[in-house]
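One structure is given here, and the rest of the page talks about it.
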Amino acid sequence: MNGVHEDEGVAPKAASAVVARGLRRDFGSVPAVRGLSLEVARGELLGLVGPDGAGKTTTMRMLAGLVRPTAGTVEVLGVDPFGHDGGRVREVLGLVPQENSLYGDLSVGENLTFFGELFGLSRAVFAERRARLFEITRLGPFVDRRASALSGGMYKKLALACALLHQPRVLLLDEPTNGVDPVSRRELWQLLYELVSRGMSIVLSTPSMDEAVRCHRVALVHEGRILLQGAPQALLSGFDCPVWELRGGVRDAVFARLEGAPGVLASSPAGARVRVVVEPDAQAAAAAHLSGLGVELVPARPDFEDLFLAALARAQRADPVEGSR
């Protein structure tokens with residue numbers, strides 16, 4: 001869309017689109033986010049990757065200015081969304097929440113009209129942007145269909161179209177591919193790449209480790225903390241732990257006997273087999289123990305699940321009290 005990379009408006013000299021420092025959010029005595037820091041460059045797609053309950057949604061809401069941090073700071077294009085200029089941030093920020101955000105009894109066209117009026121767009125500007133959004137989302141043929149009757153993929157596309165109407169420079173997407181079919185998922189990612197190529201900054205949360213490699217950078221999150229952060233390929237190429245697939249035997253029986261195995265940092269089921277991540281300096285001890293289980297040890301290429309499980313295991317060893325919460 002035209003104009004997503006323009007520098008007029010909020011803090012044009014800000015070096016980064018989004019900066020969070022030491023974010024913490026407690027709900028009563030329960031910490032949802034604990035000292036999280038991240039930075040998103042202009043024209044960058046950052047993925048917050050982690051399981052349900054990792055604190056991703058709370059983080060997104062703090063970045064959007066919807067939930068005030070218990071501690072820490074947020075800046076979007078150089079402006080504090082909780083400060084006296086917070087309203088200016090909402091003019092350049094788009095948000096697609098995880099939960100349903102549209103009016104189910106309104107049609108595709110009516111939802112777009114509602115949000116166009118909410119953003120104060122003139123008729124001419126709205127018509128131009130609506131036409132462009134229909135073109136890139138392919139929702140035009142469904143303009144009269146109620147939002148509640150859309151498939152999961154089309155619903156997410158409509159929510160994204162509504163969030164893009166005012167041409168935000170920063171876009172927050174909370175698990176946008178959850179419940180989306182593979183074809184719609186691919187089309188959604190293609191659209192995100194187009195937006196980023198035009199200068200938009202995007203923060204996307206997902207529980208899928210497979211989607212981590214699609215991002216420019218990722219932050220692997222667990223229980224409100226970032227375990228690892230960096231470019232996907234750099235993280236994988238710098239991973240120092242051997243990964244083996246255990247072939248043979250009954251998977252569940254083999255998996256159950258891995259608890260406390262010497263040298264084994266993490267393990268996970270993988271189809272009919274088990275994958276193990278091994279400490280680099282304990283390969284011999286691990287191999288001796290695993291061979292005793294009657295399985296074959298086959299080297300495997302590390303993936304992001306291996307990376308995440310190893311980082312989590314190391315964090316728990318470093319701080320077992322915090323890591324077990």
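The values are calculated or read from the model by the stated rules, or taken from the named source; none is laboratory data. Every value quoted in this text rests on a predicted model; they were computed, and no experiment measured them. Cβ: placed from backbone, ideal geometry, glycine included. Neighbour counts: every protein chain shown.
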Scan the stretch 35-51 and report the pairs whose first residue is in a loop (DSSP other than H, G, I, E, B) and whose second residue is crowded, with 22+ Cβ neighbours inside 10 Å, with Cβ atoms within less than 6 Å and a gap of 6+ or a chain change.
42/17; 42/201; 44/201; 50/56; 50/221
Sole miss for residue 85 among (1) among the acidic types (Asp, Glu); (2) within 23 Å of the chain's Cα centre (by Cα); (3) over 22 Å from residue 159 (Cα atoms) is condition (2)
Does residue 59 satisfy the criteria of being more than 29 Å from residue 307 (Cβ to Cβ), modelled with pLDDT of 95 or more and not aromatic (Phe, Trp, Tyr)?
no
Could you name every one of the strands (runs of 3 or more DSSP E) located completely within the stretch 229-325 that has at least 1 residues being surrounded by fewer than 16 Cβ atoms within 10 Å (Cβ to Cβ)?
243-247, 264-270, 296-299
Checked against (1) closer than 20 Å to residue 279 by Cα; (2) in contact with a strand residue (DSSP E or B) (Cβ under 9 Å, 6 or more places away or on another chain); (3) modelled with pLDDT of 90 or more, residue 237 satisfies every condition except (2)
How many residues are within 14 Å of residue 45 (Cα to Cα) and not in a loop (DSSP other than H, G, I, E, B) when one looks only at the stretch 208-219?
7
In the list 83, 120, 94, 87, which residue meets the criterion of being in the same structural domain as residue 192 (by TED's automatic domain parsing), in contact with a Leu (Cβ under 6 Å, 6 or more places away or on another chain) and among the small types (Gly, Ala, Ser)?
94
Selection count, the stretch 70-113, where residues are free of Cβ contacts under 8 Å to residues at least 24 places away in the same chain and among the polar types (S, T, N, Q)
1
In the stretch 25-38, is there at least one residue being modelled with pLDDT of 95 or more, of a type in the set (D, E, K, R) and touching a Pro at 6+ places or on another chain (Cβ under 6 Å)?
yes
For the stretch 140-157, check the following and say yes or no: at least one residue is modelled with pLDDT of 90 or more, within 24 Å of residue 215 (Cα to Cα) and among the hydrophobic types (A, V, I, L, M, F, W, C).
no
Restricting attention to the stretch 235-243, does a residue exist that is of a type outside the set (Phe, Trp, Tyr) and within 13 Å of the chain's Cα centre (by Cα)?
no
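Hey, does the stretch 39-62 have a residue that's over 27 Å from residue 191 (Cα atoms) and surrounded by fewer than 16 Cβ atoms within 10 Å (Cβ to Cβ)? Let's see the steps before the verdict.
We begin by selecting, within the stretch 39-62, every residue over 27 Å from residue 191 (Cα atoms); these are 53.
Okay, now just the ones that are also surrounded by fewer than 16 Cβ atoms within 10 Å (Cβ to Cβ), so 53.
Within the stretch 39-62, one or more residues are over 27 Å from residue 191 (Cα atoms) and surrounded by fewer than 16 Cβ atoms within 10 Å (Cβ to Cβ).
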